[in-house]
Structures are given as C-alpha cells and as structure tokens.
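Worksheet: one structure, shown below.
The values are calculated or read from the model by the stated rules, or taken from the named source; none is laboratory data. A quick note: this is a predicted structure, and the numbers were derived from the prediction, not measured. Every residue, glycine among them, receives a Cβ derived from its backbone with ideal geometry; neighbour counts consider all protein chains shown. Side chains are part of the model used for accessible areas, which takes the heavy atoms of the whole protein and leaves out ligands, DNA and RNA. Shrake-Rupley method; radii C 1.70, N 1.55, O 1.52, S 1.80 Å.
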Amino acid sequence: MKAAVVKETAPGERRVALVPEAVARLRPAGIDVLVESGAGDGAWLTDAAYADVGATIVSSAELYRSADVILTVTKPSAAMVAQLRPGQAIVGMLAPLTDPELAAALAAQGVTAISLDGLPRTLSRTQPMDALSSQSNVAGYKAALVAATAFGRFFPMLITAAGTARPAKVLVLGTGVAGLQAIGTARRLGAVVSGYDVRPSSKTEVESLGATFVELTSVGDAAGQGGYARELTTDERQAQQDELTGHIARHDVVITTAQVPGRRPPLLVTEDAIKAMAPGSVIVDMGASALGGNVAGSRPSETIITGNGITIIGADNLPATVPAAASAAYSRNIAALLLHLISDGVLAIDTGDEIQAGVVITHGGRVVHEGVAALLAGPEEDLFSGPEEDLYSGPEEDLFTGPGGDLFTERQAELPPTGGGAGVDDTSN
C-alpha cells in the first residue's frame, strides 16, 4: 500500500502529516511512503531527510495518481478533492461536524474519509492516536507565549536596582489539555496563575501545577461522561458569566480554551467583562473560529485593540505556529491510527470496530458516520442550533458598537491566517 504525504496549502499552515522518523515505523506494515516535494518545508524537513529514510519524493500529480491513502493535516481544498479518485482514502483532521458538506463531496467521489478528530478519546488504547490532545498541548504552550509577548509588562516578578516589577496575574478558562499546558507554561514564565473549569475534579490538576483554582458558587458540578464537561443550561451559563466577570477584571491576562466540535464556542468573556479590565490587559481566545469565540468581539487570526486598551487575540490555529513540534506529535498520531487500520498491507475498513466507528466518515460511496449523516439529513439551519445560540445576547455586529461606539476601535492582523483551527479541541467548558 502506498501512503502519500501532501504539501499543506491552507494559508498559514506549516505542519506536515508525517515526519521522516515515522517512515521506518510504517514500512514493516507494508506501507510505502510517498512525499510531495516540499511537503516538509514549513517544519524545516527537507526532501532529502525523507529520501534518506526510504520515502519516495514525487510531484503533486504523481502523488494523486499513485497513492492509495492520502495523509493530510487539515481538511482538503476543493481543488484537492477534485483530484481524488474512487477507491482512494484520505486521512486527516477533516472537521466533518463543522463541514458535513465536505463529507458528502468525498462520498460522492467514492473516497474513504478518515478523520482523526472523530476519535473516541475515552478509550485508553486510542491515546497514541489522539491528535486533538497532542495539538492542544502545543496550542496551550504557544498561547501562553503569545500572551506574554503581547503583554506590556513582565510575567515574572523582577527585583532590580530600577525597582520591583510585580508578577502578571494570568487566568486560564477551561482546564482540559490546552488549558493545563497554558497554566504550566505561564507558571514557568513566572506569572501568578489561576484556572477555572466547570468540572470540580479539575481542581487537583490545576493545583498540581502550582496554580489557584477559581471556584464559582453560581455553577454546580458540570462533569459529564468520560471526564468531559457537560453542557450548561442557559441559566447556568448566565450565572457563570456574571460571576466570572469579577474574576476576569482582577487579572492582567486571560486565556480561554473552550471549544465544541461543530458548534459555536461558549461565550466566557463578555463585553461587560472586557470593559471592566484594566488598560493593557491581554486576552488570548483559543476558541476563536468562524462560528464565534469565547470572547466577545474576537475574530480568528486577528488581533483587536479595544477602545479601553484591551488586546484581544483570536488564536485559532496555534499548532501551525510551532510546526516542528506539532508535526512530530501529529505524525505519531496518524501513524498509530494507520497501523490500527492496516491488515495484510491494505486498509481494512470495519465500522463495527469501536475506533473505526468514530473516525471513518465515508466509505463505499456513502457517509457512514452516524453523526455526520444526521447533520446532512437535517435542515441546514439546524446544524448549529441549540443552547449555545443563547450564549450571545445580541447580534454579532453589535459587539463593536457599545456605549459611545468605540469599545472596539482598532484591528490588527498580527497572527497569520490559518487553515481554520484544525487540531485544537479543548472541550472542558
């Protein structure tokens, strides 16, 4: 079987699906690796590095003509889909719950689509395949660095001949994989860090990193199945936001991490909370997406400075900005999944398998994933309906008006545009 690594084309995407170290791991399973010329350039991996471990460097046209399985990081573009042929398979972070129409297009092409972001994460044997967690780790680390860079003062306390600088106060909202990594990194940078999550069980994890756990009296235990957070009711979300506003105002830096695959992220930092923050404060919204964000007014891949001097960074695809580390982790994930799917040198699709039921989206000309099929069967307007809609109290365009019309006055494209945030999923809130 021939597995091919494509060169990513999404704006700002620098990761690569497979690194050279993984090639030797796949060959004993009967997998020959093809690599599109230049595929590793963004992560400083040369064609020669792949060739040295036995991979074959090919052109884009040869790749699509010869490969049995296409390996990618982000979901394919329309041009890429057009080059796929019946019987081929594509493996990557395809975001089928956000873009079910892509799944329908791949099914119509007769392509088997396998998406790592559908992996059942509560199974211990899927941990080596868990790309959402591996990329969230990278994103949480980089979020703390982005915040420190944008903050106009020091993170650590410094005592110098010129005076003493107090440490920055950092609040991380959502303490799943990305949140815990952000807490740990901010602590290593010397900040005084607090963390909040709707699951009381996360208190131990937060405190083990030397941070303070913020306990809200307005929201009870919101732990759900498998260790994830359950969805809050409308009243719980409103009470959460009201009480969080006071905590947010007392911090210099806020990092938010909450995402819901295929749904609008929960709003955690409201317009009132932003107004209450001190000038010079920084907010990094890791939940920023085309569907909305955790922060009122945030925009994916954009930095906004409000009229009262608050910097809001829409950090939607941070793993792409740490390409070497992110690619190495993702490569291990995709190789582990491939080895699980291979039998006698070919893909053995069996949706009765617990893991495959989560990751196989299309096969045999049909959308076989139940969740994606349900989205395609329902009215389009219902795809993203539900309680999350209530998190936003007014039309999106009103976020930029506010009293006096100048809360959001400046927008700067500091972060590079990305491929839509593939590879981060911290669903703790």
Checked Glu36, Glu62 against criteria (of a type in the set (D, E, K, R), at pLDDT 95 or above, crowded, with 17+ Cβ neighbours inside 10 Å and over 22 Å from the mean Cα position of the chain (by Cα)); the one match is Glu36
From the option list Val23, Val73, single residue qualifying as open to solvent by less than 10 Å² (accessible area, probe 1.4 Å), of a type in the set (Val, Ile, Thr) and outside any helix (DSSP H, G or I) is Val73
By residue number, the members of the stretch 190-203 that are under 24 Å from the mean Cα position of the chain (by Cα) and open to solvent by 20 Å² or more (accessible area, probe 1.4 Å) are Arg199, Pro200, Ser201, Lys203
Here the qualifying pairs (Cβ atoms under 6 Å; residues six or more apart or on different chains; first in the stretch 96-114 and under 14 Å from Ala374 (Cβ atoms); second assigned to a loop (DSSP other than H, G, I, E, B) and open to solvent by 20 Å² or more (accessible area, probe 1.4 Å)) come out as Leu97/Pro261
Scanning the stretch 292-336 residue by residue, the ones that are under 16 Å from Glu13 (Cα atoms) and hydroxyl-bearing (Ser, Thr, Tyr) total 5
Problem set entry | So Thr257, is it out of contact with any Asp or Glu (no Cβ under 6 Å at 6 or more places or on another chain), among the hydroxyl-bearing types (Ser, Thr, Tyr) and buried (at least 24 other Cβ atoms within 10 Å of the Cβ) | no
When Gly54 is run through (1) open to solvent by less than 30 Å² (accessible area, probe 1.4 Å); (2) more than 27 Å from the chain's Cα centre (by Cα), the failure sits at (1)
Of (1) under 13 Å from the mean Cα position of the chain (by Cα); (2) buried (at least 24 other Cβ atoms within 10 Å of the Cβ); (3) of a type in the set (Gly, Ala, Ser), Ser133 satisfies every one except (2)
Counting only residues that are of a type in the set (A, V, I, L, M, F, W, C), surrounded by fewer than 24 Cβ atoms within 10 Å (Cβ to Cβ), part of a loop (DSSP other than H, G, I, E, B) and more than 18 Å from the chain's Cα centre (by Cα), the stretch 278-306 contains a total of 1
Quick count over the stretch 255-266, residues being within 11 Å of Leu173 (Cβ to Cβ) and of a type in the set (A, V, I, L, M, F, W, C), is 2
Within the stretch 344-354, the residues that are farther than 18 Å from Leu71 by Cα and not charged (D, E, K, R) are Thr351, Gly352
